[in-house]
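What follows is calculated from the coordinates using simple rules that are stated; it is not laboratory data. Computed from a predicted model, the values in this text were never measured in an experiment. All Cβ positions, even for glycine, are placed from backbone atoms using ideal geometry, and neighbour counts span all protein chains on display.
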Amino acid sequence: MASELRTVLVVGTGLIGTSIALALRERGLRVLLADHDQGAVRLARELGAGEEWHPETHAQAASASGESGESGETIDLAVLAVPPALVAGELLALQRNGTATFYTDVASVKVEPIERAAQLGCDMSTYVASHPLAGREKSGPGAARAELFLGRPWALCPTPDATPEARAAVLRLVELCGGNPVEVDAAEHDQAVAVVSHAPHVTASAVAARLADASDVALGLAGQGVRDVTRIAGSDPGLWLGILSGNATPVAEVLEAISRDLAEAATALRALADGDGTVTQEITQLLKRGVAGHGRIPGKHGGPAPAYVVVQVVVGDRPGQLARLFQICDEVGVNVEDVRLEHAPGLPLGIAEVSVQPDAAAVLTKALHERGWQVP
């Protein structure tokens, strides 16, 4: 069957490419790795993501056997985990060499790579553009995780020319990686990620940029709020420049809307500082809209996010503390819906915020107290 993948070539061994490779290796597939950065390929290989691909060997084997793949073995799918601007060129080169049966990319923008691929004369029947909505603030193969895509949306943006077999092959890739496939038009995809990913990254960077010149006093007072808002700002600027360049107009439109909200809030706050109490309603409306928007973010099972109760627990900065905490949850039959840590600067402890179902909060709190844990 066309959707049965046995050998996959991953071109680009950064965070996403290596994570895909690791996920496929766990499912028993043969994975070939390629990257212009030989150090990245070497590290990905050492992490168990697959074996290095040698295109010259592939070409010789294909010529001798009439098949693609090293030693005559077919490469079922080539995954292009490269920046958006490089997708079309890489796709054309691979297709001209008959490298694989089917092709996909995992770049975070879709319109530009698809249009460029068509302009270059790529075979659009064997290509299905895709994008896993998963990532970390860290980059490179060392940050890769086989479980990165578990339960995460994975957009599929096939063109009308894509064959059913090509669609099935890429869908199988998503399934093997544990992703949740969502078919969407490429333009709609780019508009959507501008709102939920790209513009938020620029906004987080703008907030984090204020910290570059902040006083030591301000940084000493930094709490979990500023860490949450700026977490993604620690990502590779070069990588993000490529992403933003490929989706510039949609991102600019979202940023302009955010800028209007912020400018109006700043104006209202200036007026409030001057004694005009009538502007409080404008500020309140923005905060309420923020609450409403936050409430629309889907929960971990999709649909509206459930209302969990947060149980705060003082956790010592020692090995095994979190394991002990989770063991207690297991002993009393409480499922941990989410957990986050807030460290206490200068102290050997922190606060674990454990999100549980409302009816489980009292059970967990009682069990922790009985076992000597501090529950504020």
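The label-point distance for PHE326 and ASP213, in a model that sets each label 7 Å from Cα toward Cβ, rounds to 4.4 nm.
Treat every Asp and Glu Cβ in the chain as -1 and every Lys and Arg Cβ as +1, leave all other atoms uncharged, and give the resulting dipole magnitude about the Cα centre to the nearest 20 debye.
780 debye
In degrees, nearest 10, range 0 to 90: what is the angle between the Cα axis of helix 15-26 and the longest Cα principal axis of the chain? Approximately 70 degrees, to the nearest 10. Residue exposure proxy: HIS131, HIS343, ordered by other Cβ atoms within 10 angstrom of their Cβ from fewest to most, comes out as HIS343, HIS131.
Arrange the peptides 90-96, 26-32, 221-227, 356-362 so that the one whose residues have, on average, the most other Cβ atoms within 10 Å appears first.
On the way: 90-96: 18.9, 26-32: 17.0, 221-227: 12.0, 356-362: 15.0.
Taking the mean over residues of other Cβ atoms within 10 Å, the ranking is 90-96, 26-32, 356-362, 221-227.
Note on the chain: with a GNM built from Cα contacts shorter than 10 Å, the maximum mean-square fluctuation among SER215, SER245, SER19 falls on SER215. Quick check: from the Cα gyration tensor, does segment 190-295 come out rounded (a/c under 1.5), prolate or oblate? Taking the square roots of the gyration eigenvalues as a ≥ b ≥ c, segment 190-295 is oblate.
Placing unit charges on the Cβ atoms of the charged side chains and taking the dipole of the chain about its Cα centre, the candidate lying farthest along the positive direction among GLY246, LEU92, GLY50 is GLY50.
The slack between HIS369 and VAL195, meaning 0.36 nm per residue of separation minus the straight C-alpha distance, is 58.3 nm. In terms of the mean number of neighbouring beta-carbon atoms within 10 Å, the peptides 80-89, 172-181 order highest first as 80-89, 172-181. Computed over the Cα atoms of the chain, pair by distinct pair, the Kirkwood hydrodynamic radius stands at 23.6 angstrom. Cα axis of helix 358-370 to longest principal axis of the chain: angle in degrees, 0 to 90, nearest 10? The two axes meet at around 70 degrees. The long axis of helix 280-295 is offset from the longest Cα principal axis of the chain by roughly 50 degrees. Here segment 309-370 yields Rg over Rh of 0.96, to two decimals, using C-alpha coordinates and the Kirkwood radius.
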